[in-house]
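None of the figures in this text is laboratory data; all of them are computed from the coordinates on show. Keep in mind the model is a prediction, meaning the values are calculated, not measured. In this analysis, Cβ positions are derived from the backbone assuming ideal geometry, glycine residues included, and neighbour counts consider all displayed protein chains.
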Amino acid sequence: MCEPKSKTLPKTDMSRRHLLAFGAYAALTPWSMSIASATETKAPINAISPAASLKRLMDGNARYAANTPDQRDFSANRAKLAQSQYPIAAILSCADSRVAPELAFDQNAGDLFIMRVAGNVMSPDLLASLEYGVKFLGTPLVMVLGHTNCGAVSAAIDVITEDAVLPGHLPGLISAIKPAVIEAKKENSASLLSAAIAENVRRQVAEIKLSQPIVNRFYDDQKIDIVGAVYDLQTGKISLV
């Protein structure tokens, strides 16, 4: 008996052209696109606009002043923060113990890059810290934060109006505040101290905007914004100046 002849299957022409076409098709499938997107680098959490950063700070201060803060567990994310930091703002604040920016803005650890000195005045060392925050940490906002009843500004007023003599290194610190007092006197304000505090903040903001070679470039390129504010010790409210 003759066995039936086996059917010969048609040969498949898997030429290089077909392989390339198949690869191109596969690259467009949802599966391959999901793999591609999974390998993309995520933007840092502080990659937000300066306006968004400022809104987050001011919204947080409103919660703080109303005694309804969100931030209560400061141990949260401690392990993650040990690896990296992505602050949303750099704050030049007074060293006054009654001013705590993380609390006043209702922010968590890692959210604010803070430089503190009596009278919230800029210096070369503080500028270097600010440059680090702007260039390497990506902070989109810089804020100079003064406060009511500032002792450093009050001392500068005493030096100008009463020829007070200060001990130690205080004269060097106060010399950076004296121009603000002199300018504030021209306003004939009901409170020279309040006027000088606000003027000192404005002068520090203006100086930072011109600070070369890093901060001024980021500001001119609109990558960051630089603002000033005053914290009210009585109410806890922060007002832009």
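At q = 0.11, 0.13, 0.17 Å⁻¹ the log10 of I(q)/I(0) for segment 96-241 amounts to -0.42, -0.59, -0.99, computed by Debye summation with a single uniform scatterer per C-alpha, solvent ignored.
Could you name the aspartates and glutamates whose alpha carbon sits less than 20 Å from that of Lys237, not counting residues in the same chain fewer than 8 places away? Straight-line reach from Lys237, under 20 Å: Asp59, Asp70, Asp96, Glu102, Asp106, Asp111, Glu199. Rounded to the nearest whole Hz, the Karplus-based 3J(HN,Hα) values (6.51 cos²θ - 1.76 cosθ + 1.60, θ = phi - 60°) of segment 223-230 follow the sequence 7, 9, 10, 10, 10, x, 7, 10, with x at glycine and proline.
Working note: Cα gyration tensor of segment 151-207, eigenvalues times five, square-rooted, sorted largest first, giving semi-axes of 18, 14, 8 Å. Computed from label points 7 Å out along Cα-Cβ, the spacing between Ser129 and Arg63 is 2.5 nm.
When the listed pairs Lys55/Lys223; Lys186/Lys209; Lys42/Lys80 are checked against a 22 Å cut-off, the alpha-carbon distance exceeds it for Lys186/Lys209.
Taken along the Cα-to-beta-carbon direction at a fixed 7 Å, the label points for Gln212 and Lys42 span 4.1 nm.
Length, then width, then depth: along the principal axes, the Cα atoms of segment 42-139 run 37, 37, 27 Å. Give me the distance between the Cα centres of segment 72-94 and segment 193-215, rounded to whole Å. The distance from the Cα centre of segment 72-94 to that of segment 193-215 comes to 25 Å. For Val144, the residues whose modelled amide H falls within less than 5 Å of its own, excluding neighbours fewer than 5 places apart on the same chain, are Leu92, Val227, Gly228, Ala229.
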